[in-house]
Structures are given as C-alpha cells and as structure tokens.
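Pasting a structure below so you can have a look.
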Amino acid sequence: MFKCNFKVLLISIIGMPFIASAQDDKLCEHLISFASKSKVGKPLKVKLINDWANFSKSCEHNETEEGKEFCNYLIKNTSTEFMNLNLSRVLSCSVNDFNFGSVHLDKISGEFSVFETPSLNQDITLNINFSIGDDVIKDFIEINAENEPVE
C-alpha cells in the first residue's frame, strides 16, 4: 500500500519530461554497479551536491574506492543545473515501473528505502535521501547501499 501511494506522490511531484528511458540511461548501470559492491556490515554511500549559485557540483564518497568511482561518473554525467532531473533518473533506476508526469518541481525533500531494485541482489537496500529547492541548504541526493542478507 505505502509503496503504491509513494509512487503516485512522486509521479505527481517530481514528474518531468524525461528524454531517455531507464534501460537507456547509463546512470542505472553505474548505480547498480556501485550498490552491488556493498558488503555485509560495510554500506556504501555517496552524496551528490549542487551549488546552483556557483554553477558547480561536488560529490562526497566517504573515502571508498567504490564511492570515488561512482562520484566520478556522477560529476561528469549529471545535471549541474537541475537536481530534480538527477533525482528523476535515480528513481527511474531504483523503482520498478516508475512513470513520469509533467509537473514542475519547486521544492521537495525526503528519504525512502527501496528493497527490490531491478537488476540488484535482493539483499541490497538502497536508501535515498534528497533535498531540492531549499533556500538554506544546497540541493543534494544521497544514496546509501546496504547489504543485509534476507533470511
């Protein structure tokens, strides 16, 4: 029930015309590769941060090789101007059957967990935390991959 309602909410709030489908987006391959390297008891985390005022972005990777590799991809292949597009791309990779509408996004923040990501081991959970459009903090998307074996 929650999963369905959350998808409807995201479709209503984030929806934006999207050029490529998730299958064509290389971000999905890199996200899956990054998350797949998570080990039991050793989660991986990256945080993509946009500094719209200076038209720049940065990426924190917790000093892990896996994080550095994913951050290098994110810096080169994500929007500096439109963090909502970056979030839309991450969501299209993470949530099965996610569709986008045409609603303009001004401000949103939240966090959620995805327990069944297509093409990802069922033991790996993606925890996504984000804030877009806040006047006080810079826009960001934080992705945390945790490997917790399902019993």
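Every residue in region 135-151 that is open to solvent by 50 Å² or more (accessible area, probe 1.4 Å) and either out of contact with any Pro (no Cβ under 7 Å at 6 or more places or on another chain) or under 15 Å from Lys107 (Cβ atoms) (or both), please.
Scanning region 135-151 gives Asp135, Val136, Ile137, Lys138, Glu148, Pro149, Val150, Glu151.
Would you pick out the residues in region 81-104 that are at pLDDT 85 or above and open to solvent by 30 Å² or more (accessible area, probe 1.4 Å)?
Within region 81-104, Glu81, Phe82, Leu85, Arg89 qualify.
Now for a different question. From the list Phe130, Phe112, Phe70, which residue is surrounded by fewer than 17 Cβ atoms within 10 Å (Cβ to Cβ), outside any loop (DSSP other than H, G, I, E, B) and of a type in the set (Phe, Trp, Tyr)?
Being surrounded by fewer than 17 Cβ atoms within 10 Å (Cβ to Cβ), outside any loop (DSSP other than H, G, I, E, B) and of a type in the set (Phe, Trp, Tyr) holds for just one of Phe130, Phe112, Phe70, which is Phe112.
A further question on this structure: Mind listing just one residue for me: the one in region 58-67 that is open to solvent by 40 Å² or more (accessible area, probe 1.4 Å) and outside any helix (DSSP H, G or I) and, of those, modelled with the lowest pLDDT? Can you show your working first?
Step one: list which residues in region 58-67 are open to solvent by 40 Å² or more (accessible area, probe 1.4 Å), which gives 58, 60, 62-63, 65-66.
Among the residues that remain, those that are also outside any helix (DSSP H, G or I) are: 58, 60, 62-63.
On the way: Ser58: 97, Glu60: 96, Asn62: 90, Glu63: 93.
The selected residue is Asn62.
Does Lys107 fit the bill of being of a type outside the set (A, V, I, L, M) and either modelled with pLDDT of 85 or more or under 20 Å from Glu146 (Cα atoms) (or both)? So that I can check it myself, show each step before the final result.
Working: of a type outside the set (A, V, I, L, M): yes; either modelled with pLDDT of 85 or more or under 20 Å from Glu146 (Cα atoms) (or both): no.
Judged against the criteria, Lys107 is not a match.
The values are calculated or read from the model by the stated rules, or taken from the named source; none is laboratory data. What you see is a predicted model, and the numbers here were worked out from it, not measured in a lab. Don't worry about glycine lacking a Cβ; one is built from the backbone with ideal geometry, like all the others, and counts go over all protein chains shown. Remember, those area values only see protein heavy atoms, side chains included, never the ligands or the DNA or RNA. Shrake-Rupley method; radii C 1.70, N 1.55, O 1.52, S 1.80 Å.
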